[in-house]
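One structure follows; several queries about it will come next.
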Amino acid sequence: MGLLTDFFVAKPEAITPEVVDAGPHGTFPTAQLKNVDVVKIATLEGIACEGQVGDAAARIPEATAEAEHGEAWVFPIAARLASRLAGADEGELKRIGEAWAKTEEFRLDGWGPRDVVEALTAIAALARNAQANGGGLFLWMCL
């Protein structure tokens with residue numbers, strides 16, 4: 001069983017303990033992905049916003065919420081990354097996604113470039129939704 005990860009759009013105050021416990025699917029616009037953790041998001045931020053992976057560890061966000069059972073968390077996606085993805089066209093997303101697919105984390109998980117680009121496209125659609133509706137982009141993770 002892998003790490004469950006959902007990207008979702010919400011206003012921070014709408015993220016209730018129930019959402020943290022059970023996940024955002026069915027409550028908020030969501031992209032359900034597996035194994036796209038905070039380390040992968042930190043590398044994505046470096047690639048998309050700085051043109052290189054750089055110091056991914058310095059970009060790992062702190063959880064804004066943790067489930068009572070201690071096995072689920074909500075992390076904010078950096079505003080600069082959400083903005084960059086929201087404004088990226090199809091060609092940019094393909095270029096960013098292909099670079100992201102080359103990272104060790106995706107290679108070790110067996111993701112191909114096409115899979116990564118598809119996941120990135122789904123995340124970018126949520127970023128555009130967040131931008132248009134005044135919400136934030138978040139990552140829910142559950143063991």
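Quick note: the coordinates plus some simple rules give every number you see, no bench work behind them. Everything quoted here is computed from the prediction, not taken from an experiment. Every residue, glycine among them, receives a Cβ derived from its backbone with ideal geometry; neighbour counts consider all protein chains shown.
Condition first: surrounded by fewer than 18 Cβ atoms within 10 Å (Cβ to Cβ), touching a residue at least 60 places away in the same chain (Cβ under 8 Å) and either in contact with a Ser or Thr (Cβ under 9 Å, 6 or more places away or on another chain) or among the small types (Gly, Ala, Ser) (or both). Can you find one or more residues in segment 111-132 that meet it?
Yes: one or more hits.
Of everything in segment 7-34, what is under 11 Å from residue 140 (Cα atoms), of a type outside the set (A, V, I, L, M, F, W, C) and surrounded by fewer than 22 Cβ atoms within 10 Å (Cβ to Cβ)? Give them in sequence order.
Scanning segment 7-34 gives 21, 25, 30, 32, 34.
Taking only pairs six or more apart or across chains, which ones have beta-carbon atoms under 7 Å, a first residue in segment 47-75 that is in contact (Cβ under 8 Å) with a residue 40 or more places away in the chain and surrounded by 15 or more Cβ atoms within 10 Å (Cβ to Cβ), and a second residue that is of a type in the set (S, T, N, Q) and in a loop (DSSP other than H, G, I, E, B)?
Every condition considered, the pairs that remain are 53/103; 74/64; 75/64.
Conditions: (1) among the small types (Gly, Ala, Ser); (2) on the phi > 0 side of the Ramachandran plot; (3) part of a helix (DSSP H, G or I). Residue 70 meets all but one. Number of the miss?
For residue 70, the failing item is (3).
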